[in-house]
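Take a look at the structure below.
The values are calculated or read from the model by the stated rules, or taken from the named source; none is laboratory data. Predicted model, so just to flag it, every value in this text is computed and none were measured. Here Cβ is always computed from backbone atoms with ideal geometry, including for glycine, and neighbour counts include all displayed protein chains.
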Amino acid sequence: MDGTTSRLFQDELKCLDISAIEQKFGVKTRWGNYSYNPDDGTATFKLDVGSIVDGKMKTQEAADFERYASLHGLQPTDLGRVFILGKHQYEITGLKPRSRKFPILGRKIGTQTIFKFRPITVKNFITPPKSEPVVEKPKVEDEQPEQNVGLSIGPDW
């Protein structure tokens, strides 16, 4: 099998309807990474399988995020929150405890691609949760704009 054939094979696998199997075992699945080794012609396809909690798939990475988020300055409730980095949005999907530099996992919105992030990056770019109201400075009707007070040179001095 060559690289092109293995990629086509993966595409065919993704088209299979495995909803009956998911329902039978009470799990949810998601396609993960793909790799091809040209030395021996083997391909590896990752299929994530997780239990269903509140209608969503609960992976080991999600459970690890809830368990270890506070060690990275995040809250367990941050799982599923969105952060914006550059022109892309990412949803926090989990944590890899053994990864020192990039332990936070985020799925690029609109794709199934998972990226790794530093905790500080996620903390700096995470959007506030919907339950937190955005506080605006109240407008005061009688407030006057600041006057420019200075030395005036002219006939009035």
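What the table below lists for this structure:
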item	result
Test result for Ile52, closer than 22 Å to Gly110 by Cβ and either outside the structural domain of Glu12 (by TED's automatic domain parsing) or not small (Gly, Ala, Ser) (or both)	no
Flag if Ile52 is β-branched (Val, Ile, Thr) and assigned to a strand (DSSP E or B)	yes
Test: residue in region 37-60 that is of a type in the set (Phe, Trp, Tyr), closer than 30 Å to Phe9 by Cβ and in contact with a Lys or Arg (Cβ under 8 Å, 6 or more places away or on another chain)	no
Residue selected from region 57-88 under the condition over 14 Å from the mean Cα position of the chain (by Cα) and small (Gly, Ala, Ser), by the criterion farthest from Thr127 (Cα to Cα)	Ala63
Unmet requirement for Tyr68, which otherwise passes all of (1) assigned to a loop (DSSP other than H, G, I, E, B); (2) touching a strand residue (DSSP E or B) at 6+ places or on another chain (Cβ under 8 Å)	(1)
